[in-house]
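Bear in mind these aren't lab numbers, they're just calculated from the coordinates by the rules spelled out. Owing to the predicted nature of the structure, the values given are computational and were not obtained by experimental measurement. Using ideal geometry, Cβ is built from the backbone for each residue, glycine included, and neighbour counts are taken over all protein chains shown.
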Amino acid sequence: MGLGAEAIFGDSVVTTKLDKAVNWARSYSMWPMVFGTACCGIEFMSVAAARYDLSRFGAEVVRFSPRQADLMIVAGTISFKQAPVLKKIYDQMCEPKWVISMGACACSGGFYDNYTTVQGIDTIIPVDEYIAGCPPRPEAVLDAIMRIQEKSQDESIIKDRLKNFKGYLDA
């Protein structure tokens with residue numbers, strides 16, 4: 001017979017660290033915001049459809065407001081004219097936030113090697129996962145989301161996860 005909460009509640013009490021409980025809830029309730037600018041945006045639509053069913057990974061609540069999203073998926077070509085908009089949307093997202101660069105154009109500029117196209121969004125915002133391909137397979141998108149979920153399991157709720165990232169648009 002216990003003297004504390006064990007005596008009152010019996011085996012119905014589970015104890016854990018606050019970090020573990022919060023990270024478990026965060027990792028299985030990702031709210032993505034898709035910054036789709038080209039054909040990779042169409043490919044993301046297939047991931048959210050019934051065949052691949054993004055909802056079984058807890059990421060079906062696609063948000064179009066950065067203040068409600070914690071996962072940004074940049075899908076498509078980013079021009080230098082769009083770069084300040086991308087940076088502003090990223091800055092408006094709440095912490096903790098993660099970024100997936102989807103497709104060859106977002107990762108490296110793709111075959112657009114010219115003066116108007118950003119040669120990789122990692123020069124503008126920090127990227128957590130890269131998805132290769134033109135167009136990338138839906139399975140690769142699901143794999144990247146699962147890797148983000150694994151990364152979010154090891155976060156601390158009191159530690160600032162941002163590194164000293166300096167992009168082109170940072171002063």
From a point 7 Å beyond the Cα of Ser29 in the direction of its Cβ, which residues of segment 39-63 have a backbone N at a distance under 20 Å? 54-63
Kindly write out, for segment 134-141 in residue order, the coupling ³J(HN,Hα) from the Karplus curve 6.51 cos²θ - 1.76 cosθ + 1.60 (θ = phi - 60°), rounded to whole Hz, with x marking Gly and Pro. 9, x, x, 6, x, 5, 5, 5
Under 5 Å between amide H atoms, partner at least 5 residues away or on a different chain: which partners does Ile73 have, H built in plane at 1.01 Å? Met33, Val34, Phe35, Ile100
Rounded to whole Å and sorted largest first, list the principal axis extents of the Cα atoms in the chain. 74, 43, 23
If I model segment 81-143 as equal point scatterers sitting on the Cα atoms and use the Debye formula, what is log10 I(q)/I(0) at q = 0.17, 0.27, 0.30 Å⁻¹? -0.62, -1.18, -1.26
Most fluctuating of Leu54, Leu71, Leu18 in the GNM of the chain (C-alpha, under 10 Å) is Leu18
Asp91 to Asn114: extension gain in nm, 0.36 nm per residue of separation minus the Cα-Cα distance? 5.6 nm
Determine the dipole magnitude for the chain: charges of +1 sit on the beta-carbon of Lys and Arg, -1 on that of Asp and Glu, nothing else is charged, the reference point is the Cα centre, and the result goes in debye to the nearest 20. 400 debye
Provide Tyr52, Tyr130, Tyr115 in ascending order of the number of other Cβ atoms located within 10 Å of each residue's Cβ, fewest first. Tyr115, Tyr52, Tyr130
Pair Ala21, Met146: separation of 7 Å Cα→Cβ label points (nm): 2.9 nm
Work out the charge dipole of the chain with +1 on the Cβ of Lys and Arg and -1 on the Cβ of Asp and Glu about the Cα centre, then indicate which of Leu18, Pro135, Ser152 is farthest towards its positive end. Pro135
